[in-house]
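A.B. asks: One structure is given below, represented as structure tokens, and several questions about it will come after.
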Amino acid sequence: MSYQFDWSVLFSGQSGSWLLQGLITTLQISALAWLLALVLGIFAGSFRTLPIGPLRWAASCYVEFFRNVPLLVWMFFWYFGVPPLLPQAVQDWLFDHGAEFWAGMFALGVYHGARFSEVIRAGIQSIPSTQFEAAVSTGLTIAQTYRLIIIPIALRLIIPPATNESLNLLKNSSVALTIGVAELTFQTRQIETYTARAIEALTAGTLIYLLLCLCIAALVSRLERRFAIPGMIVQMRAE
Amino acid sequence: MDFQVILNNFGFLFFQGFLGFGDFAGGTLRLAIPAIVLAFPLGIIIGLGRLARTRWISFLATIYVEFFRGVPLVMVIFWFWFIIPNLLGVSLPEYGVALTAFVVFEAAYLGEIVRAGIQSVARGQVEAAAATGLSHTNTMRHIVLPQALRNMIPALVTQFIVLLKDTSLASIIGYIDLTKAAQIVNNREIRPFELYLFIAVVYWLCSYGMSRYAGSLERRLSAG
């Protein structure tokens, strides 16, 4: 072993502020993409369980197309491929307002929306169909049944697999470094470039990711206990 | 839009980028197939390790799995990209770095699949094997693992799909896979929409085709 460790690089110069900025960007892009993914996932997941042919077909197309292509390819597609097709004014506006962040956020959100929808669909399908029938028989429309009965129950049932998927989203936000989003992995590379201390920089980045995942997992498991529906969570896990 | 660019560069994109035949050490399949083949034995060891009765073995296996599942793959690739030359003092080409990173990373996920597969074998099988006088090792080797492997096949196909898509990340260290090949062509032709849409379709065909296959396998296995 010929490598001389020098951990002080992490505590000197700009390393600390770079890591902090990276962490903030990672959290921002992940949070926005998560919201987008959740909305897309709820719609696509619900549509796939509806007895309405065209909606089911459209949702299936969305899900199957987006989740079967690597996220990196989507990042390149949304960042390099799509903007040149937009009107010049829109392009100028985008590149003035951090296009890489928005393209990355969009790619991440749309890709994970397709994956979320599968989790939500499984949640909806695990609800006994009598719930749906009872709701409709009280005079609710299908839209009301989904909004007021089915989706609220489904969201409470899917907390464990949805947490897993949310952590995947957080980890996948690192792919955005390929289009120049200055998130945590990008900043880790930046420290490496400036100090030539690869292992120290990567250790710092890795530890932040691990801690972030552990904290979120711990937080959610508390939420899960609060929102669990007695008698139904077990059923879902047994599948 | 001009899709002629795809036809003009089809040889480079497909043979060099996707398959890995050409002047450069590259190729999506040339990385994905050896990676899963090499990661699988390691995955079996980790899966067995997690179920081991010896406390420290199961502890180490758990740490391994939890660590690699908590870290982004991009980070793992950078780790191997810097750690191999720095700590071991040897320089590996991109292919070696990418292959090592994928084997180590995938083994954590395969370990979980192996563990689930072993746990899916009915308890009665183990008891019956013990009753006939087989040792613990022999029970694992002749009774549990063969059945577990059969149950795992659909999950393994699904994991291979994930791996195939993940190999696109090897392009960040300069490995010439399908994604990098498209980038190289794009630098010359400046046709990003057409090129990235084309490789999206190639990935989609492989991935969707295999996921349909995994689905039909699953139905056949659960029926049989």
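A.B. asks: Here's a check for you: in segment B:45-72, which residue that is in contact with a Ser or Thr (Cβ under 8 Å, 6 or more places away or on another chain) and within 8 Å of chain A (Cβ to nearest Cβ) is surrounded by the most Cβ atoms within 10 Å (Cβ to Cβ)?
C.D. replies: Checked segment B:45-72; the qualifying residue surrounded by the most Cβ atoms within 10 Å (Cβ to Cβ) is B:Pro72.
A.B. asks: Right, here's the next one. Only one residue in B:Ser211, B:Ser222 is within 12 Å of another protein chain (Cβ to nearest Cβ) and either within 24 Å of B:Gly17 (Cβ to Cβ) or of a type in the set (Gly, Ala, Ser) (or both). Which one?
C.D. replies: None of the others qualify; the one that does is B:Ser211.
A.B. asks: Pick from A:Thr206, A:Thr185, A:Thr138, A:Thr178: which is modelled with pLDDT of 90 or more and farther than 30 Å from A:Val9 by Cα?
C.D. replies: A:Thr138
A.B. asks: Which residues, counting only those in segment B:81-103, are closer than 24 Å to A:Phe5 by Cα and more than 10 Å from chain A (Cβ to nearest Cβ)?
C.D. replies: Result: B:Ile84, B:Val90, B:Ser91, B:Leu92, B:Val97, B:Thr100, B:Ala101.
A.B. asks: Count, please, the residues in segment B:165-180 that happen to be more than 7 Å from chain A (Cβ to nearest Cβ), within 13 Å of B:Phe80 (Cβ to Cβ) and surrounded by fewer than 24 Cβ atoms within 10 Å (Cβ to Cβ).
C.D. replies: The qualifying residues number 1.
A.B. asks: How do the pairs read when you match residues in segment A:94-112 that are at positive phi with residues anywhere that are not in a helix (DSSP H, G or I), using Cβ under 9 Å and keeping only pairs 6 or more apart or on different chains?
C.D. replies: Taking only residues 6 or more apart or on different chains, the pairs are A:Gly98/A:Val181.
A.B. asks: Would you confirm whether or not segment B:130-143 contains a residue that is more than 30 Å from A:Leu23 (Cβ to Cβ) and touching a residue at least 24 places away in the same chain (Cβ under 8 Å)?
C.D. replies: yes
So that you can scan it fast, the table gives a plain yes or no per residue for (1) hydrophobic (A, V, I, L, M, F, W, C); (2) over 15 Å from the mean Cα position of the chain (by Cα):
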site: B:Val114; (1), (2): yes, no
site: B:Ser120; (1), (2): no, yes
site: B:Gln125; (1), (2): no, yes
site: B:Thr137; (1), (2): no, yes
site: B:His142; (1), (2): no, yes
site: B:Pro146; (1), (2): no, yes
site: B:Ile153; (1), (2): yes, no
site: B:Ile176; (1), (2): yes, yes
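A.B. asks: For segment B:8-34, how many residues are among the small types (Gly, Ala, Ser) and in a helix (DSSP H, G or I)?
C.D. replies: Going through segment B:8-34, the residues among the small types (Gly, Ala, Ser) turn out to be B:11, B:17, B:20, B:22, B:25-27, B:32.
Those left that are additionally in a helix (DSSP H, G or I): B:11, B:17, B:32.
The number of residues fulfilling the criteria is 3.
A.B. asks: Considering only segment B:92-128, state which residues are surrounded by fewer than 17 Cβ atoms within 10 Å (Cβ to Cβ) and under 13 Å from B:Ala35 (Cα atoms).
C.D. replies: Passing the criteria: only B:Gly96.
A.B. asks: Let me ask another. Go through the residues of segment A:69-79 one by one and say whether even a single one is within 13 Å of chain B (Cβ to nearest Cβ), surrounded by 22 or more Cβ atoms within 10 Å (Cβ to Cβ), in a loop (DSSP other than H, G, I, E, B) and not aromatic (Phe, Trp, Tyr).
C.D. replies: yes
A.B. asks: Could you pull out the residue among B:Val37, B:Val5 that is of a type in the set (Val, Ile, Thr), modelled with pLDDT under 85, over 22 Å from A:Leu202 (Cβ atoms) and part of a helix (DSSP H, G or I)?
C.D. replies: Unique residue meeting the criteria: B:Val5.
A.B. asks: Still on this structure, please answer the following. Give me a count of the residues in segment A:178-219 that are outside any helix (DSSP H, G or I) and either in contact with a Lys or Arg (Cβ under 9 Å, 6 or more places away or on another chain) or among the small types (Gly, Ala, Ser) (or both).
C.D. replies: 3
A.B. asks: If you don't mind, there's one more thing I want to ask. Please verify whether segment B:181-196 includes one or more residues that are within 17 Å of the chain's Cα centre (by Cα) and at the interface with another protein chain (Cβ under 8 Å from one of its Cβ atoms).
C.D. replies: Scanning segment B:181-196 turns up no residue that is within 17 Å of the chain's Cα centre (by Cα) and at the interface with another protein chain (Cβ under 8 Å from one of its Cβ atoms).
A.B. asks: Sort through A:Ser17, A:Ser12, A:Ser8 and tell me the only one that's under 30 Å from B:Pro85 (Cβ atoms), in a loop (DSSP other than H, G, I, E, B) and away from every other protein chain (no Cβ under 12 Å). Spell out how you get there, then give the answer.
C.D. replies: On the way: A:Ser17 fails: in a loop (DSSP other than H, G, I, E, B); A:Ser8 fails: in a loop (DSSP other than H, G, I, E, B).
Going through A:Ser17, A:Ser12, A:Ser8 in turn, just one is under 30 Å from B:Pro85 (Cβ atoms), in a loop (DSSP other than H, G, I, E, B) and away from every other protein chain (no Cβ under 12 Å): A:Ser12.
A.B. asks: If B:Arg150 satisfies every condition in (1) in contact with a Leu (Cβ under 8 Å, 6 or more places away or on another chain); (2) within 14 Å of another protein chain (Cβ to nearest Cβ) but one, which is the exception?
C.D. replies: The single condition B:Arg150 does not satisfy is (2).
A.B. asks: Pull out all pairs, ordered by first then second residue, where Cβ-Cβ is under 7 Å, the residues are six or more apart or on different chains, the first lies in segment A:194-221 and is more than 9 Å from chain B (Cβ to nearest Cβ) and among the charged types (D, E, K, R), and the second is part of a helix (DSSP H, G or I) and loosely packed, with under 13 Cβ neighbours inside 10 Å.
C.D. replies: Every condition considered, the pairs that remain are A:Glu200/A:Trp7.
The values are calculated or read from the model by the stated rules, or taken from the named source; none is laboratory data. What you see is a predicted model, and the numbers here were worked out from it, not measured in a lab. Neighbour counts are summed over all protein chains in view; Cβ atoms, including those assigned to glycine, are modelled from backbone coordinates with ideal geometry.
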